[in-house]
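Single-structure report; data block below.
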Amino acid sequence: MTGLVVQSELNAKLATGLLLNEPMHKHTSWHIGGPAEYFIEPKDTAIFKKCILLAKELALPLTIIGKGTNLLVLDSGIPGLVLKLGPGFKDIKIIDTQITVGAGALLPTVAQTALQHNLAGFAWVAGIPGSIGGAVVMNAGAHGCCISEIIQSVKIINEQGQIFDLAKEQLFFGYRTSILKDDRSRWVVEATFNCWSDQRQTLAKQMKQYLAKRRQVQPQGYPNAGSVFKNPSGESAGKLIELAGCKGIKVGQAQVSEIHANWIVNLGNATAKDVITLINIIKNKVKEKFNITLQLEVRVLG
Ligand SMILES: Cc1cc2nc3c(=O)[nH]c(=O)nc-3n(C[C@H](O)[C@H](O)[C@H](O)COP(=O)(O)OP(=O)(O)OC[C@H]3O[C@@H](n4cnc5c(N)ncnc54)[C@H](O)[C@@H]3O)c2cc1C
């Protein structure tokens with residue numbers, strides 16, 4: 001099927017916000033990435049489902065993203081259809097101590113909402129800029145906590161457009177991973193979390209401390225994607241990278257942060273190629289010095 005036929009099919013059947021060759025640097029926290037061939041921000045689950053079914057019908061590769069804070073999109077861009085789950089998926093419902101949140105809701109907003117309702121469990125996510133969908137898939141974590149610890153279940157949509165719940169045990173969470181991470185046929189629509197009651201003052205204090213700690217140890221001011229590598233078992237990737245002499249190394253406009261060696265910052269117009277070259281330099285130097293092979297935490301798309 002030609003690009004024009006695909007485009008007119010998508011336009012005719014979706015009649016909503018289809019963008020062609022949308023620059024992905026506009027949708028990633030690194031401000032890096034070539035164009036998505038077709039790009040839509042579905043405004044609700046019905047449109048999301050329609051897009052999934054159409055992608056299958058038109059044999060288009062399908063990629064779902066959230067806030068793009070854990071992504072390296074290649075300079076050549078992403079073939080097929082990219083769906084970004086944003087404001088159409090930001091509902092937050094609270095029943096007693098249970099919070100149900102749309103995949104597109106942002107973690108800091110969820111943390112603030114939990115705080116307003118005197119609910120504990122989310123204080124540590126306040127400084128993570130991603131969405132609930134991305135956090136569930138990646139099993140986001142910080143300060144000794146991770147999202148899987150509070151998950152009860154996740155509402156999934158599959159490539160047939162069927163919507164169903166998966167219980168926490170069915171998601172096989174691990175360190176920065178879940179069964180959904182490399183699954184290209186099931187995606188997160190919303191998630192339900194078990195919180196517990198606590199005093200607002202106590203929660204507010206905890207949140208403030210977590211945010212202050214981040215400000216202390218994390219680079220501010222340049223676009224980035226948080227930690228680039230996972231921590232090897234019992235080790236800190238940042239420490240290994242620093243000891244391997246990588247702090248401050250630059251390739252093009254990408255630089256290993258002077259403040260936190262596990263972060264690569266975009267000094268201006270860094271390309272994905274710059275970042276990948278830097279990633280390979282870091283991996284080689286750490287391997288040479290410690291015989292440890294670092295694994296990427298960020299997801300490479302394209
Ligand atoms: C300044 C900064 C600080 C950070 N601090 C932390 C931290 O402390 N701890 C931590 O764990 N991470 C951290 N991160 C990384 C990132 O914010 C988290 O991993 C976040 O949960 C990713 O969410 P996202 O919406 O940005 O996902 P994206 O980057 O958009 O996507 C990440 C992955 O999830 C998939 N995905 C996204 N949404 C869905 C969905 N609805 N269904 C199925 N798949 C989906 C994507 O295809 C991709 O593979 C940080 C990033 C930055 C920039």
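If I ask for residues that are among the basic types (K, R) and under 16 Å from G144 (Cβ atoms), which ones from region 201-224 would you list?
First, pick out the residues of region 201-224 that are among the basic types (K, R): 205, 208, 213-215.
Within region 201-224, K213, R214 qualify.
Hey, could you check region 189-219 for residues that are closer than 30 Å to T293 by Cβ and either of a type in the set (K, R) or exposed (fewer than 14 other Cβ atoms within 10 Å of the Cβ) (or both) and say which is farthest from the ligand (Cβ to nearest atom)?
Going through region 189-219, the residues closer than 30 Å to T293 by Cβ turn out to be 213-214, 216-219.
Remaining after also requiring either of a type in the set (K, R) or exposed (fewer than 14 other Cβ atoms within 10 Å of the Cβ) (or both): 213-214, 216-217.
Details: K213: 10, R214: 7, Q216: 13, V217: 11 Å.
Looking at residues that are closer than 30 Å to T293 by Cβ and either of a type in the set (K, R) or exposed (fewer than 14 other Cβ atoms within 10 Å of the Cβ) (or both), I get Q216.
Looking only at residues that are touching an Asp or Glu at 6+ places or on another chain (Cβ under 8 Å) and not in a loop (DSSP other than H, G, I, E, B) in region 249-273, which one is nearest to V73 (Cα to Cα)? Steps first, please.
From region 249-273, those touching an Asp or Glu at 6+ places or on another chain (Cβ under 8 Å) are 251-254, 261, 271-273; that's our starting set.
Now drop any that are not not in a loop (DSSP other than H, G, I, E, B), which leaves 251, 254, 272-273.
Values: V251: 17, A254: 14, A272: 7, K273: 10 Å.
Ranking the candidates gives A272 first.
Report, by residue number, each residue of region 26-54 that is in a helix (DSSP H, G or I) and either surrounded by fewer than 21 Cβ atoms within 10 Å (Cβ to Cβ) or among the acidic types (D, E) (or both).
First, the residues of region 26-54 that are in a helix (DSSP H, G or I): 26-27, 45-54.
Of everything in region 26-54, those that are in a helix (DSSP H, G or I) and either surrounded by fewer than 21 Cβ atoms within 10 Å (Cβ to Cβ) or among the acidic types (D, E) (or both) turn out to be K26, T45, A46, I47, K49, K50, L53, L54.
Considering only residues that are under 24 Å from R176 (Cα atoms) and in contact (Cβ under 8 Å) with a residue 40 or more places away in the chain, look in region 265-282 and name the one that is farthest from the chain's Cα centre (by Cα). Give the steps one after another, and end with the answer.
Kept after step one, since they are under 24 Å from R176 (Cα atoms), are these residues of region 265-282: 265-266, 272, 275-282.
Okay, now just the ones that are also in contact (Cβ under 8 Å) with a residue 40 or more places away in the chain, so 265-266, 272, 275-276, 279, 282.
Values: V265: 17, N266: 18, A272: 17, V275: 18, I276: 18, I279: 19, I282: 22 Å.
Per the stated criteria, the residue is I282.
Can you find a residue that is among the polar types (S, T, N, Q) and within 22 Å of L72 (Cβ to Cβ) anywhere in region 202-213? Walk me through it before giving the result.
Here is the first cut: in region 202-213, the ones among the polar types (S, T, N, Q) are 202, 206, 209.
In the following step, the residues that additionally are within 22 Å of L72 (Cβ to Cβ) were identified as none.
No, there is no match, as no residue in region 202-213 is among the polar types (S, T, N, Q) and within 22 Å of L72 (Cβ to Cβ).
Here are some conditions: (1) surrounded by fewer than 14 Cβ atoms within 10 Å (Cβ to Cβ); (2) more than 20 Å from H143 (Cα to Cα); (3) of a type outside the set (V, I, T); (4) within 16 Å of the ligand (Cβ to nearest atom). A254 meets all but one. Which one does it not meet?
Every condition holds for A254 apart from (1).
Here is a yes/no grid of residues against (1) within 14 Å of the ligand (Cβ to nearest atom); (2) assigned by TED's automatic domain parsing to the domain that holds G80; (3) hydroxyl-bearing (S, T, Y); (4) over 21 Å from the mean Cα position of the chain (by Cα):
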residue: A103; (1), (2), (3), (4): yes, no, no, no
residue: Q112; (1), (2), (3), (4): no, no, no, no
residue: N118; (1), (2), (3), (4): no, no, no, yes
residue: G127; (1), (2), (3), (4): yes, no, no, no
residue: G130; (1), (2), (3), (4): yes, no, no, no
residue: M138; (1), (2), (3), (4): yes, no, no, no
residue: H143; (1), (2), (3), (4): yes, no, no, no
residue: G174; (1), (2), (3), (4): yes, no, no, no
residue: L180; (1), (2), (3), (4): yes, no, no, no
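Can you list residue pairs whose Cβ atoms sit under 8 Å apart, with the first residue in region 193-219 being more than 29 Å from H260 (Cα to Cα) and the second being away from the ligand (no atom under 14 Å from the Cβ) and assigned to a helix (DSSP H, G or I)? Count only pairs 6 or more apart in sequence or on different chains.
Here the result reads C195/A114; R200/L115; R200/Q116, each pair linking region 193-219 to a residue that is away from the ligand (no atom under 14 Å from the Cβ) and assigned to a helix (DSSP H, G or I).
How about region 84-158: which strands (runs of 3 or more DSSP E) wholly inside it have at least 1 residues that are of a type in the set (D, E, K, R)?
Values: elements: 92-95, 98-102, 151-158.
By residue number, 92-95, 151-158.
Filter region 63-100 down to residues that are over 30 Å from T277 (Cα atoms) and more than 15 Å from the ligand (Cβ to nearest atom), then give me how many there are.
Residues flagged as over 30 Å from T277 (Cα atoms) and more than 15 Å from the ligand (Cβ to nearest atom) within region 63-100 amount to 8.
What's the total number of residues in region 1-35 that are without any contact (Cβ under 8 Å) to a residue 60 or more places away in the chain, closer than 21 Å to A103 by Cα and among the small types (G, A, S)?
1
Suppose we filter K67, K49, K93, K56 for residues that are over 24 Å from E159 (Cα atoms) and among the basic types (K, R); which single one remains?
Numbers: K67 fails: over 24 Å from E159 (Cα atoms); K49 fails: over 24 Å from E159 (Cα atoms); K56 fails: over 24 Å from E159 (Cα atoms).
None of the other options fit; the residue is K93.
The values are calculated or read from the model by the stated rules, or taken from the named source; none is laboratory data. Bear in mind that the values here come from a model prediction, so they are computed numbers and not experimental data. Cβ coordinates were reconstructed from backbone atoms using ideal geometry, including for glycine residues, and neighbour counts include every protein chain displayed.
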